[in-house]
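Worksheet: the structure to be examined is printed underneath.
The values are calculated or read from the model by the stated rules, or taken from the named source; none is laboratory data. None of the values given here were measured: they were computed from a predicted structure. For neighbour counting, all protein chains shown are included, and Cβ atoms are generated from backbone atoms with ideal geometry for every residue, glycine included. Heavy atoms of the whole protein, side chains included, go into the accessibility calculation; ligands, DNA and RNA do not. Shrake-Rupley method; radii C 1.70, N 1.55, O 1.52, S 1.80 Å.
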Amino acid sequence: MEIYDRLISTPTQLYSHHFEKFEEFVRDNLPKDILSAEEFLVLRMEYLKNQKASAPTSDDASAEGEQNKKSADSSSTNDDAKTENDAKKEEEEASAIRDKIIELRRVKHKANEEEVSRRWNFEEGIKRPYFHVKPLERTQLKNWRDYLDFEVENGSHERVVILYERCLIACALYEDLWLRYAKYMEAFGEDGPRSVYDRACSIHLPQKPNIHLARASYEEKSGNFSKAIEALNFLEKMFPTYLPAKFRRLGLVRRTGKREDVEALFKKYIDAATSPSIASLYAIKLARYRFKVCGDIEGSKRILNTAIENDKVRFRFMFD
């Protein structure tokens with residue numbers, strides 16, 4: 001019964017068929033075999049209470065007693081009639097309880113029907129629920145985004161998660177939807193967002209820089225600096241010339257408060273720069289760090305002078 005309770009409360013395209021199957025299930029089984037002991041006792045007590053309220057009056061009862069006295073001679077016939085009468089009462093009780101079970105669940109079914117009707121247009125707009133390397137049409141993407149917005153605003157957490165998982169089958173290569181999912185899951189603990197980022201960064205989008213940067217930001221915000229640095233290291237190895245990853249790592253190390261590590265990383269990037277202009281860019285940031293954070297004005301000047309000597313063309317253009 002618990003499975004049917006969940007099924008008839010879940011918005012699906014076959015919601016009406018599920019309820020019909022539920023009715024067949026109730027009709028084909030005794031109530032005591034499909035209900036919990038607590039619910040069965042409640043429904044049976046309600047039935048007995050209703051029967052007692054509709055019992056015959058005292059005059060009817062005395063008349064019935066007189067009739068029983070007249071037929072006392074045929075004892076064997078009375079026993080058979082009593083057995084048959086008891087079986088009839090049991091069947092009436094079971095039938096009444098079955099009707100009550102269906103009546104109570106019909107309320108859930110009606111509520112579920114309303115939820116299905118609210119989502120029907122979105123469901124009709126899903127033309128490709130499976131994964132394919134071919135890009136989705138803009139209307140399809142808009143439908144998924146609108147559906148997610150609707151579910152986040154109106155649905156339960158379980159429904160939102162299910163819809164995101166459905167969406168990311170068809171939209172597995174769309175970075176913004178993974179980012180939205182991870183952002184949504186942040187309100188429900190650390191394991192949820194981390195699982196989303198793990199799947200996106202390791203399986204579906206290993207060569208999309210923004211998802212790795214977002215993962216590093218999340219890990220840093222969670223206080224897990226080692227995992228944040230690990231994410232940025234992976235991005236640097238994947239894209240050795242991608243400057244935003246290097247700048248993000250510099251900022252991350254700077255926020256740890258370890259000045260020696262910051263300067264060592266700056267010098268590593270300056271030495272490994274692929275051109276004088278890139279080295280000058282790092283040098284300018286290092287000089288600013290020395291001046292703003294360390295308060296080392298002379299050291300900042302020395303760094304800038306060295307950079308000017310190594311990249312006179314760039315700095316001449318900057319100062320002209």
(message) Checking the conditions here, which among Lys208, Lys258, Lys227, Lys246 is without any contact (Cβ under 8 Å) to a residue 40 or more places away in the chain and out of contact with any Asp or Glu (no Cβ under 9 Å at 6 or more places or on another chain)?
(response) Lys258
(message) Is it the case, given these coordinates, that Ile169 is touching a Phe, Trp or Tyr at 6+ places or on another chain (Cβ under 8 Å), open to solvent by 20 Å² or more (accessible area, probe 1.4 Å), of a type outside the set (S, T, N, Q) and not in a helix (DSSP H, G or I)?
(response) no
(message) Conditions first: (1) at pLDDT below 95; (2) surrounded by 10 or more Cβ atoms within 10 Å (Cβ to Cβ); (3) under 30 Å from Phe22 (Cβ atoms); (4) not charged (D, E, K, R). Phe150 passes all but one, so which condition is the exception?
(response) (1)
(message) Residue pairs, Cβ under 9 Å, 6 or more apart or interchain, first in segment 230-242 and touching a residue at least 24 places away in the same chain (Cβ under 8 Å) and closer than 19 Å to Tyr218 by Cβ, second open to solvent by less than 90 Å² (accessible area, probe 1.4 Å) and in a loop (DSSP other than H, G, I, E, B). List them.
(response) Phe234/Pro206; Leu235/Tyr242; Met238/Pro206
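To keep it simple, each residue is scored yes or no on (1) assigned to a helix (DSSP H, G or I); (2) of a type outside the set (Val, Ile, Thr); (3) in contact (Cβ under 8 Å) with a residue 24 or more places away in the chain; (4) crowded, with 20+ Cβ neighbours inside 10 Å.
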{"site": "Ser277", "(1), (2), (3), (4)": "yes, yes, yes, no"}
{"site": "Ile284", "(1), (2), (3), (4)": "yes, no, no, no"}
{"site": "Glu298", "(1), (2), (3), (4)": "yes, yes, no, no"}
{"site": "Leu304", "(1), (2), (3), (4)": "yes, yes, no, no"}
{"site": "Ala307", "(1), (2), (3), (4)": "yes, yes, yes, yes"}
(message) Would you confirm whether or not segment 121-131 contains a residue that is in a helix (DSSP H, G or I) and surrounded by fewer than 10 Cβ atoms within 10 Å (Cβ to Cβ)?
(response) no
(request) For segment 178-198, name all the residues that are open to solvent by 70 Å² or more (accessible area, probe 1.4 Å) and either over 20 Å from Tyr147 (Cα atoms) or modelled with pLDDT under 95 (or both). (result) Ala187, Phe188, Glu190, Asp191
(request) Return only the number of the condition from (1) open to solvent by 40 Å² or more (accessible area, probe 1.4 Å); (2) in a helix (DSSP H, G or I) that Lys134 does not satisfy. (result) (2)
(request) Output the number of residues of segment 137-147 satisfying the condition of being under 20 Å from Leu205 (Cβ atoms) and either under 13 Å from the mean Cα position of the chain (by Cα) or surrounded by 18 or more Cβ atoms within 10 Å (Cβ to Cβ) (or both). (result) 1
